[in-house]
Amino acid sequence: MSEPGPRLPDPRMIPPMREAVAVPSAQQPTAGNDAEQDPSDAALADATLVRPFLVTGGRTRPLRDGLRIETMVSALPAALSAPLRFELRRIVELCQSPHSVAEVAVRLEVPLGVVRVLIADLVSSGYVTCTESAEIPIDVIERIRDRVRAL
Amino acid sequence: MFGRSKRASTPLAVKIVISGGFGVGKTTFVGAISEIEPLVTEADLTEVSVGIDDLTGVDGKTTTTVALDFGRITLDDSLWLYLFGTPGQDRFAFLWDDLVDGALGAVVLVDTRRIEDCFASLDYFEEHGTPLLLAVNRFEHTRRFELDEVREALGVGVEVPIVECDARDRESVKRVLVELVEQVLAKRLSRVALPQ
């Protein structure tokens, strides 16, 4: 009979953001395990165990509309020293260079709906700014055409 | 709405939607021109797993994954173009509105072996008034159809442009995108020309 190892927390309960430090050494993949389970699959499985709107305090509606998936988000440098909780801090750090809402969602591994609520909160408190969701002017469309052609 | 937003360093981002049936080459198309690896999240898995994956017991999975498939092109310092592939499965239908809202236009990729696969995309964009262009993706060793035949099979009028492309080829993808933007421009200019 094989010796049962120490009772470890279910790795699926560890939030994905902390997996790098939180996975116990006994759970480290060996060479054999690598082939069976891709680490990104594991991260994906972990993510499913976190209630997505936990980080928004249960709110599913952003404080403002107009955040499209391609809306660009820029954080002010001063926001880095603001007392922000984990997810908001990550957004502020990431958006020191402009990122789209979609990219923020992918990088934080959270659903779009959640990321919208978080970004809208940051806009409201003045830590980040977003591009306008206005109709694209004709001269911009012409510029797109010319630039794509010249790629 | 976001009045404080005009920072010179933040580029304007415009998006184009790349659509069509499963396996028609959407991710390939995006990858041929994107400067970042197409960021594919769950779209891959879900499209392949239609009717195979048993999703019972993983309730809530759809709400915890991102399910986006997109690429990016920096056109210049202040103008970025995003290409978003549409997810293929019904359970991501809620994403379509987000993808299409504010989109410059849509490319619908067509595989002549499974022409009916693109009907859902066509219907959606026509319903939403999204400027669109049909691009017949040429697969090797398949019979080549005249574009007019494809148009007839799809039941679309002459106002919808239809072109041939090779989703693996950057130049071909560029031509499709330029053609779409021309179509958007023509639509916009005709609207402007209308008497108020």
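The values are calculated or read from the model by the stated rules, or taken from the named source; none is laboratory data. Note that the structure is predicted; figures quoted are calculated from it, not measured. Note: ideal-geometry Cβ built from the backbone for every residue, glycine included; neighbour counts use all protein chains shown.
Values for this structure:
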quantity	calculated
Of all residues making up the stretch A:114-139, the number that are over 20 Å from A:LEU84 (Cα atoms) and more than 7 Å from chain B (Cβ to nearest Cβ)	4
Among the residues listed as B:PHE94, B:PHE125, B:PHE70, the single one being buried (at least 16 other Cβ atoms within 10 Å of the Cβ), closer than 16 Å to A:ARG68 by Cβ and aromatic (Phe, Trp, Tyr)	B:PHE70
In the stretch A:98-151, residue surrounded by the most Cβ atoms within 10 Å (Cβ to Cβ) [restricted to those that are among the polar types (S, T, N, Q) and farther than 13 Å from A:ILE69 by Cα]	A:THR129
Members of the stretch B:1-53 that are modelled with pLDDT of 50 or more, surrounded by fewer than 20 Cβ atoms within 10 Å (Cβ to Cβ) and part of a helix (DSSP H, G or I)	B:THR28
Output for the stretch A:78-97, where each listed residue is buried (at least 18 other Cβ atoms within 10 Å of the Cβ) and free of Cβ contacts under 8 Å to residues at least 12 places away in the same chain	none
Yes/no for A:ARG59 being among the charged types (D, E, K, R) and not in a loop (DSSP other than H, G, I, E, B)	no
Answer residue from the stretch A:101-132, given it is of a type in the set (Gly, Ala, Ser) and closer than 17 Å to B:ASP101 by Cα and is modelled with the highest pLDDT among those	A:ALA102
Search result, residues across the stretch A:76-95 that are modelled with pLDDT under 95 and within 10 Å of another protein chain (Cβ to nearest Cβ)	A:LEU76
Single residue of the stretch B:134-171 satisfying the filter (under 24 Å from B:ILE33 (Cα atoms) and in contact with a Cys (Cβ under 9 Å, 6 or more places away or on another chain)) that is surrounded by the most Cβ atoms within 10 Å (Cβ to Cβ)	B:ALA135
Residue in the stretch A:105-128 that is of a type in the set (Lys, Arg) and under 16 Å from A:LEU63 (Cα atoms) present	yes
Whichever residue in the stretch A:96-112 is part of a helix (DSSP H, G or I) and more than 7 Å from chain B (Cβ to nearest Cβ) and, among such residues, is farthest from the chain's Cα centre (by Cα)	A:VAL101
Count of residues meeting criterion [of a type in the set (Gly, Ala, Ser) and at pLDDT 95 or above] in the stretch B:71-100	0
